[in-house]
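Remarks on the structure that follows.
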Amino acid sequence: MANKLFLFSSLLFSAVNLYFLASPSIAYELPPNHPVPPETVCKFTPYPSSCKSFLPNRTANVYDYARFSVKKSLSQTFHFRRLVNRYLRRRTVLSQSEIAALEDCQFLAGLNIDYLTSSFGTINATRGALPTWKTDDVQTLLSAILTNQQTCSDGLQSASPSGSVRNVILAPVANDTKLYSISLALFTKGWVPKEFPGAAQKKNHRKLNQRLLLKASSLIRRGLYDQSVTKRKLLQVSDGQSKVLVADVVTVSQDGTGNFTTINDAIAVAPNNSAASNGYFVIYVKAGVYEEYVSIEKKKKYLMMIGDGINQTIITGNRSVVNGWTTFKSATFAVVGPGFVAMNITFRNTAGPSEHQAVAVRNSADLSTFYSCSFEGYQDTLYTHSLRQFYRECDIYGTVDFIFGNAAVVFQNCNLYARLPMTGQFNAITAQGRTDPNQNTGTSIHNCTVKAADDLASSNGGAKTYLGRPWKEYSRTVYMQSYIDSVVDPVGWREWNGDYALSTLYYAEHSNTGPGSETAKRVTWPGYHVINAADAANFTLSSFLLADNWVPQTGVAYTSVEVTAGLEGPCFGEMEEGKDCGFDSTFRCNNYVSYADLVLFVVLLCLFSVVTNNDGLPIVWARGLFTRFRSWRFVGLARLMAMQGVW
C-alpha cells in the first residue's frame, strides 16, 4: 500500500509539473506577485528603455508597477490637457484646422482622464486577480486611451503638417503614448490570462429568440401611448426570455405631435449618469428626415433610440474633411455615452465620394448596440472608434475604408455593400486601427453578407473591392461564416503602403461561402491566416466581447455560438455507433491538441491504472475522468486515443 501511495504521489507531482512546464497558456514567465527589478518587468513592454525611465528604481511586483504606471499616466494626461487648453486660448494665431484638431485632443484627453481614473480605482482596490469581466473592463479602457491618443495625433498631423502646434504638441503626445502602452502592457502581464481573454468566460449564456427584439421593440412602442409605461416599467416578452427595463419614454416628431421636434432636444432632457439598473431612457423618433447633427455625450448613459424603420426614420448630414471638418468631427451622429442602443434608424452622410472622409456615425460608446439600422456614406462611413460595440442585422454602405476604427466590435447578420467610388479609387471594406499588440480590439464579421451595391453592380467592374487594409500596425480583422460575393477581388486584402504592417497585422478567414470566399489566391502576407474553428471561436460575440454579460439587457437577439475545437462528450455515443466524430485524416482534434495536454493525460492514465490495479483503463473510468476535465482539449485527445485503440 505504501509503495502504491508513493507511486501515486510521484505520478501526481510529475503530472502537475510537466503540465505547467509544457503549457504556454499556464506557465507565466513572470509571476505577477513576484518582486523583480524594473528592468526585468520592462522586458515585457513594447518600450523597455522608456519603461525603465518611467518606473521607480526599486524592486516591486507586476501589480505594483502597473498601479504606478497607470497613476503616472493619469497625472501626465492632466498635464497634457492643460497644455492643449493653453494653446486653445491663442486661437487668433491658429488656423481653423489647428483649432479643430486641438479641440478633438481636448475632448479625447477628458475621456482619457475618466478612463484612467476608473482603471486606477479598479486595480488599486485589489491585491491580486480580478474577475474576468473586470479584467476585460480595464483592458478595454486602457486600450481606448491609446486609441484616443492616436486620434489626437492623427488630427494634429493632418491639420498642422509643419506648424508650431505640430512641433510643440506632438512631442508630449508621443511620450504619453509610450507611457499608456507601458501601462497597458503591465496590466496585461499582471491580470490578463495568456489564453484568449474571452475563451474561458462562458457564464450566463442566454441564447435569445431571433424575433425577440421585434417583440421587445413592439412592447416599447406600445408603451409610448400607455401612461403606465412612461414611469419606470419592466417590459417582458411573452415567452419570458428577456426583460427590457425602461425608466422613461419620450417621442420626437417633426409634426409637433410628440414631446419634441428635434432629436437633440430629446437627448438634452435625458438624465445624466444613469445606471443600467435604472432602465433605459427611450427616445422614439417617428418617421421623417432629420437634418441635424446629433451628439450623445458621455454623461448621457443608457439611452435607447427607436425609429420607425430603415429609410423611414433618417438622420442625415454632409460634413466632410474637404469642407474643413476633422474626420472625428465630420460625423452626422456621434455617441460616447455608454450602454447606448439604436434600432430601426438610417444614418447618412451625403457628402459624396469626392468629399473624401465623411462619417455617418462615430461610435465611442462602450457596450453599445445597433440593431436593424442602416449606415450610408462613401469614404469612412462607420467609425467604430473605440471600446466594445455590437451591430446586428444592419446595412453598411460605403467605398474606401467604410468600416474603420479601433473598437472591439462584432458585426452579426449584417449586409456590407460596396458602392461605386471615384474614378481611380478602390473599395476597402475595413481599415482596422489597432496600434498596440496588447489592445483587446479588432473587427469581427460573423455570418454577414458582402456584396456590391446597385451602383457598383451595374458599373461593369468599375472598381476593385477588398476585405480590408491595415490602417495601423497591429490591424486585426476576421471574417467568419459569411457570404462573400464575387465583388471581392481574389487576393482578398490590400496593402496600405508597401509592406507596412504586413507581418504585424492579423487578418483571418474561417468557413466563409460564396464566389469571393475562395482563399487559394489570397495574399501571402505573414499576418494573413485561414483559421480553424478553435481560433475562430475567440472572435465570436460571447468570447470577444463577453456579450452574454450585457447584450441580453438590450433585448437584441444575437447568436451565442460556441465554436468548439474538439469533440464533446456526447459524441462518445456517436463513436460507439460508428459515426464520424470529426477527426480529419491525420487524426488531429480540429488542429489542436497541445503537448501539455498529452503529457498530463498519459500520466493520468498511468495513475488510474496504478490506483485500480488495472493494466488498462476501462472506458467507463475514462468517461468519469472526462467529466472531471471539461476542457474540449482533453475530450478531443481522449477520443483520439479511444479511436487509436488505447483501451
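Here are the numbers:
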item	result
Residue 233 vs. criteria among the basic types (Lys, Arg), modelled with pLDDT of 95 or more and at negative phi	no
Qualifying residue in region 287-297 (condition: under 28 Å from the mean Cα position of the chain (by Cα) and within 15 Å of residue 344 (Cα to Cα))	no
Condition check for residue 145: open to solvent by less than 50 Å² (accessible area, probe 1.4 Å), hydrophobic (A, V, I, L, M, F, W, C) and touching a residue at least 60 places away in the same chain (Cβ under 8 Å)	yes
Those residues of region 426-435 which are outside any strand (DSSP E or B) and open to solvent by less than 10 Å² (accessible area, probe 1.4 Å), in sequence order	433
Matching residues in region 402-425 - criterion: being at positive phi and surrounded by fewer than 24 Cβ atoms within 10 Å (Cβ to Cβ)	413, 424
Output for region 294-327, where each listed residue is under 24 Å from residue 115 (Cβ atoms) and open to solvent by 10 Å² or more (accessible area, probe 1.4 Å)	295, 297, 298, 299, 300, 301, 302, 326, 327
Among (1) open to solvent by less than 50 Å² (accessible area, probe 1.4 Å); (2) over 20 Å from residue 368 (Cβ atoms) - the single one residue 291 does not satisfy	(1)
Residue tally, condition among the aliphatic types (A, V, I, L, M) and either in a strand (DSSP E or B) or touching an Asp or Glu at 6+ places or on another chain (Cβ under 8 Å) (or both), over region 447-499	7
Any hit, region 376-396, residues being surrounded by fewer than 24 Cβ atoms within 10 Å (Cβ to Cβ) and modelled with pLDDT under 95	no
Number of positions in region 532-549 that are out of contact with any helix residue (DSSP H, G or I) (no Cβ under 7 Å at 6 or more places or on another chain) and either crowded, with 19+ Cβ neighbours inside 10 Å or in a helix (DSSP H, G or I) (or both)	8
Test: residue 355 is open to solvent by 10 Å² or more (accessible area, probe 1.4 Å) and within 19 Å of residue 487 (Cα to Cα)	no
Subset of region 72-122 (residues that are basic (Lys, Arg) and surrounded by fewer than 17 Cβ atoms within 10 Å (Cβ to Cβ))	82, 86, 89, 90, 91
Criterion: of a type in the set (D, E, K, R) and in a loop (DSSP other than H, G, I, E, B) - qualifying residue of 127, 86, 67, 81	127
Positions within region 348-392 being of a type outside the set (A, V, I, L, M), assigned to a loop (DSSP other than H, G, I, E, B) and in contact (Cβ under 8 Å) with a residue 60 or more places away in the chain, in sequence order	364, 366, 372, 373, 385, 386
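The values are calculated or read from the model by the stated rules, or taken from the named source; none is laboratory data. Everything quoted here is computed from the prediction, not taken from an experiment. Virtual Cβ from ideal backbone geometry, glycine too; neighbours counted across all protein chains shown. Each accessible area value is taken on the protein alone, full model and side chains, heavy atoms only, with ligands, DNA and RNA left out. Shrake-Rupley method; radii C 1.70, N 1.55, O 1.52, S 1.80 Å.
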